[in-house]
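A.B. asks: What follows is a structure written as structure tokens; I'll ask about it next.
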Amino acid sequence: MLVPLENIIHKLEGDQGDFIKPIRENCVACKRCITVCPVNLWYLDDGKANIKDDYKKLCLECGACWQSCEYNAIDFTYPKGGTGVIFKRG
Ligand code: SF4
Ligand code: SF4
């Protein structure tokens, strides 16, 4: 049985900073980021990858988009300390 995402993750609110940024000039629209993102935050916008405006609410900080991009078209760090996702055990 699938467990709802909200039962597993918890977000610590606060100024997370812009921890993911598309670098449009490097994007070749291969769509790997779109394919790998487990919460569907990426989309093509005028032939280049873009991330949803509210990505901070849902991003799991897995880094899969960044790791899958072979064209250095995604700038990924992590949210500022004390903010972001917490995964519950159980
Ligand atoms: S993986 Fe990189 S090059 Fe491919 S669509 Fe996403 S951002 Fe663009
Ligand atoms: S870090 Fe993970 S969840 Fe966040 S946008 Fe990238 S692939 Fe999606």
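Values quoted throughout were computed directly from the atomic coordinates according to the rules given, and no laboratory measurement underlies them. This structure is a prediction, so every number in the text was calculated from the model and none was measured. Heads up, the Cβs are rebuilt from the backbone with ideal geometry, glycines too, and the neighbour counts pull from every protein chain shown.
A.B. asks: In the range 38-47, which residues are near ligand 2 (Cβ under 9 Å from one of its atoms) and more than 11 Å from residue 20 (Cβ to Cβ)? Spell out the reasoning first.
C.D. replies: Let us first name the residues in the range 38-47 that are near ligand 2 (Cβ under 9 Å from one of its atoms), namely 38-42.
Selection gives 38, 39, 40.
A.B. asks: Can you tell me how many residues within the range 11-37 are within 15 Å of ligand 2 (Cβ to nearest atom) and outside any loop (DSSP other than H, G, I, E, B)?
C.D. replies: Start the filter on the range 11-37 by keeping residues that are within 15 Å of ligand 2 (Cβ to nearest atom), which leaves 11, 16-23, 27, 30-37.
Retained after the next criterion (residues that are outside any loop (DSSP other than H, G, I, E, B)): 11, 20-22, 32-36.
Looking only at that region, the number is 9.
A.B. asks: Scan the range 1-37 residue by residue and report those that are near ligand 1 (Cβ under 8 Å from one of its atoms), charged (D, E, K, R) and either within 16 Å of residue 63 (Cβ to Cβ) or in contact with a Cys (Cβ under 6 Å, 6 or more places away or on another chain) (or both).
C.D. replies: 32, the sole residue that qualifies.
A.B. asks: Another one. Just one of 41, 60 is buried (at least 16 other Cβ atoms within 10 Å of the Cβ) and without any contact (Cβ under 8 Å) to a residue 40 or more places away in the chain; which is it? Before you say what the answer is, go through the steps one by one.
C.D. replies: Numbers: 60 fails: without any contact (Cβ under 8 Å) to a residue 40 or more places away in the chain.
Checking each option against the conditions leaves just 41.
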